[in-house]
Amino acid sequence: MSQLAEFTQQKLIRKPILAMTHVVYGYPSVTESLSWMRRLLEESVDFIEVQFPFSDPVADGPSIVAACHKALEQTLDVDTCLSQLGELARDFPESRIVLMSYLNPMYRFGLEKLAKRASEENIQGLILPDLPIEAASQYQQACQRHNIDPVWLVTPVTPTERLTMLASQASGFLYCVARSGVTGHSSHESKAKDASLDDYLALIKQHASAPIGVGFGLRKRSQIEQLIGKADIAILGSALLDAYNQGGQNAGIELIKELFH
Amino acid sequence: MQSENGFYGQYGGSYIPEILFASQQQILTAFEEAKQDESFLAELNKQWQQFSGRPTPLTFCANLTEHFGGAQIYLKREDLNHSGAHKMNNVIGQGLLVKHMGKKRVIAETGAGQHGIATALVAARLGLECTIYMGAKDIERQYPNVFWMKQLGAEVVPVTTGAQTLRDALDEALRDWSSSHEDSHYLIGTSCGCAPFPEMVAFFQSVIGNEVRQQSVAQFDQFPDRLYACVGGGSNACGLFLPFLDNKEVEMIGVEAGGKGLALGEHSIRLSHNLGQPGIAQGFATMFLQDNAGQLQETHSIAAGLDYVGVSPIIAHLAETGRIKMTYAMDDEVIAACTLLLKKEGIIPALESSHALAGAFKDAPNLPKDSKIVINLSGRGDKDIFNVAKAVQDETFPEFLNDYLASYPTRHLDNQEQN
Ligand SMILES: Cc1ncc(COP(=O)(O)O)c(C=O)c1O
């Protein structure tokens, strides 16, 4: 079993659902983002999903886009980021850090080097939302060589055949996008009638042996409650960023406590 | 040009968020069917003729030819399309495909507004809802186009993220599509984006080159020796070049925007001078203007339609294999070329197309007198009136604007009185 999957299983013995909190690296500055991650880890969140900013984050809504653009006013470096995350990972062995970014900055860094460096720093999972599995064989091999998990995404409109393929290939965890659209609140709220989340998660569970993470649009306690028993990890992204923007670290921690108490 | 599973050499492909997979597959299938469907192709040809005025002429330029004393210069008159640019060829094609797929709404990105207007025109004609994403800065710079889009019934959404220009508009169009994929089609304006968009847009634009094949033989008994086209996203270049790909004797020259200089941020040269680097973004792999960390960068051109950060994977591949020769023209050379065409031939070229003119004018004097070159005049220049007036420092233009403003009914009451 993959390191991340095993970690998840162990943790689930004591908790109904795990929390993955999202942080944009470098927002509003590198130091502040690292301090925010440290605080989250001190509050013992189970996972942090760290987004390494890209200039053109097409799967993200306004909150995360603005944070990425703000972060990119400084020069950010993938290698430095990984070293800094590694330090956090060593200081907080009871939690896990995964790295999310778009393909281009990682492609320029080198996917083989990315997998190697991530593994060295004990960053056990990588999420690249614009790298489809069909185009990912080298990346998959690099991840396998370095014993880290490439995390795949499925969505409510993923055709069943493809969903089962992705679910069967999932390692670490399977990132289930809860609804159409981009992350967070945006002007592009979907009008589509997505299948019921329960049915969708049930279908995934049939085919996935890896843990199931659910993200996109989670911001209320009732939504987390609805996921208990059907998913293993709830991913909190834009809602946390919005709280942080409004009331700093304390407001963010309050939101987490309210959602996951 | 047929791709290999969406790839042209190392460029192209489909790198989109998982949420768009099903919609992308639907377009792929619909396009494969449409290409083979006689009735679809007949309807396409009919709309090209009856709505856009095709075929467009191939015009011999006697005065320019004499002026340079070298190659015989012909213009392919895409400026005579409805809406004043080649953009129409593509929007008619994709518009019909949208009807075919049964979708009700189109989304498009636009820089200068040319593709936005073309999309709004076709949406109005086909009874489709239309949302246009346009950078807030571009809206300021190109308000007349925004005005017409709105009059045509399109919703124009200002994009305020990033540099607030074309690249950001494209990102935002993709975000809209991610939530609206079930009833909406992303009607991309150039031969970029995820597969099959580059191939599909190139297919619809190839009507340009296909006409030139016939017209050149009819008018001067041979294929042209050289073809010139400006390269923004690459669609007018694909349109002129691809039908001649197998005619090895036909040389092809793509002209990019050199802007104000070769420093990053001053130009849009992705191919001709090793200034771009391979990257994967906005759905596809190509040469992008980016920094060492893979962050996409700002671009500049006096022609808003050429300042895209990436370029068609088809053009990137053909430039890499040497089939197309790439060069660039600077802003001031472009104004000079535009002015020369006005004076010598009585044709008002778009500033985008003036890049192709500038590129060709540099070569023309040195080419044999019996050689024939065809320059793609991708669009007409009426839209550039503000930019050109500024560039030639017309003294009366500001006066005109002041007078116009002074007499503009700003109060509600004045408005009513006028109506
Ligand atoms: C008249 C004209 N020519 C050329 C272009 C550049 O696009 P492409 O390279 O796709 O032909 C544009 C884009 O807006 C245009 O309006």
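The values are calculated or read from the model by the stated rules, or taken from the named source; none is laboratory data. Bear in mind that the values here come from a model prediction, so they are computed numbers and not experimental data. Here Cβ is always computed from backbone atoms with ideal geometry, including for glycine, and neighbour counts include all displayed protein chains.
Numerical summary
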| item | result |
| --- | --- |
| Candidates B:373, B:385 - the one that is under 22 Å from residue B:303 (Cβ atoms) and modelled with pLDDT of 95 or more | B:373 |
| Residue A:187 under 26 Å from residue B:175 (Cβ atoms) and surrounded by 17 or more Cβ atoms within 10 Å (Cβ to Cβ) | no |
| Some residue of segment B:102-113 being farther than 30 Å from residue B:344 by Cβ and without any contact (Cβ under 8 Å) to a residue 24 or more places away in the chain | yes |
| 2 or more residues acidic (Asp, Glu) and on the phi < 0 side of the Ramachandran plot: qualifying helices (runs of 4 or more DSSP H) within segment B:18-136 | B:21-36, B:38-50 |
| Residues being at pLDDT 95 or above and more than 9 Å from chain A (Cβ to nearest Cβ) - total across segment B:286-298 | 3 |
| Enumerated strands (runs of 3 or more DSSP E) restricted to segment B:170-262, each holding at least 1 residues that are farther than 30 Å from residue A:158 by Cβ and more than 16 Å from the ligand (Cβ to nearest atom) | B:226-230, B:251-259 |
| Selection count, segment B:325-355, where residues are hydroxyl-bearing (Ser, Thr, Tyr), in a helix (DSSP H, G or I) and within 23 Å of residue B:87 (Cα to Cα) | 2 |
| Identity of the residue in segment A:121-177, within 12 Å of chain B (Cβ to nearest Cβ) and hydroxyl-bearing (Ser, Thr, Tyr), that ends up surrounded by the most Cβ atoms within 10 Å (Cβ to Cβ) | A:175 |
| Residue in segment B:106-135 that is nearest to residue B:175 (Cα to Cα), counting only those that are within 14 Å of chain A (Cβ to nearest Cβ) and away from the ligand (no atom under 16 Å from the Cβ) | B:107 |
| Segment B:283-300: number of residues that are under 17 Å from residue B:134 (Cα atoms) and buried (at least 24 other Cβ atoms within 10 Å of the Cβ) | 1 |
| Selection count where residues are at pLDDT below 95 and more than 22 Å from residue A:57 (Cα to Cα), scope segment B:144-167 | 2 |
| Long-range neighbours under 7 Å by Cβ, at least six apart or interchain, first residue closer than 13 Å to residue B:64 by Cβ within segment B:357-371, second of a type in the set (Asp, Glu) | B:358/B:333 |
| Selected residue (only one of B:322, B:279, B:310, B:294 is within 16 Å of the ligand (Cβ to nearest atom) and either assigned to a helix (DSSP H, G or I) or not basic (Lys, Arg) (or both)) | B:310 |
| Segment B:63-105, subset β-branched (Val, Ile, Thr) and away from the ligand (no atom under 16 Å from the Cβ), residue surrounded by the fewest Cβ atoms within 10 Å (Cβ to Cβ) | B:65 |
| Residue B:286 vs. criteria in a loop (DSSP other than H, G, I, E, B) and within 16 Å of the ligand (Cβ to nearest atom) | no |
| Segment B:142-178, residues that are surrounded by fewer than 18 Cβ atoms within 10 Å (Cβ to Cβ) and either over 20 Å from residue B:88 (Cβ atoms) or within 17 Å of the chain's Cα centre (by Cα) (or both) | B:143, B:155, B:158, B:160 |
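Listed here are the residues, each with its yes/no results for (1) among the basic types (Lys, Arg); (2) in the same structural domain as residue B:62 (by TED's automatic domain parsing); (3) in contact with a strand residue (DSSP E or B) (Cβ under 6 Å, 6 or more places away or on another chain).
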| position | (1), (2), (3) |
| --- | --- |
| B:320 | no, yes, no |
| B:360 | no, yes, yes |
| B:382 | no, yes, no |
| B:406 | no, no, no |
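Yes/no per residue for (1) touching a strand residue (DSSP E or B) at 6+ places or on another chain (Cβ under 9 Å); (2) free of Cβ contacts under 8 Å to residues at least 24 places away in the same chain; (3) assigned to a loop (DSSP other than H, G, I, E, B):
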| residue | (1), (2), (3) |
| --- | --- |
| A:16 | yes, no, yes |
| A:38 | no, no, no |
| A:54 | yes, no, yes |
| A:60 | yes, no, yes |
| A:73 | no, yes, yes |
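For (1) crowded, with 24+ Cβ neighbours inside 10 Å; (2) at pLDDT below 95; (3) of a type in the set (A, V, I, L, M, F, W, C), each residue gets a yes or a no:
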site: B:193; (1), (2), (3): yes, no, no
site: B:197; (1), (2), (3): yes, no, yes
site: B:226; (1), (2), (3): no, no, no
site: B:236; (1), (2), (3): yes, no, no
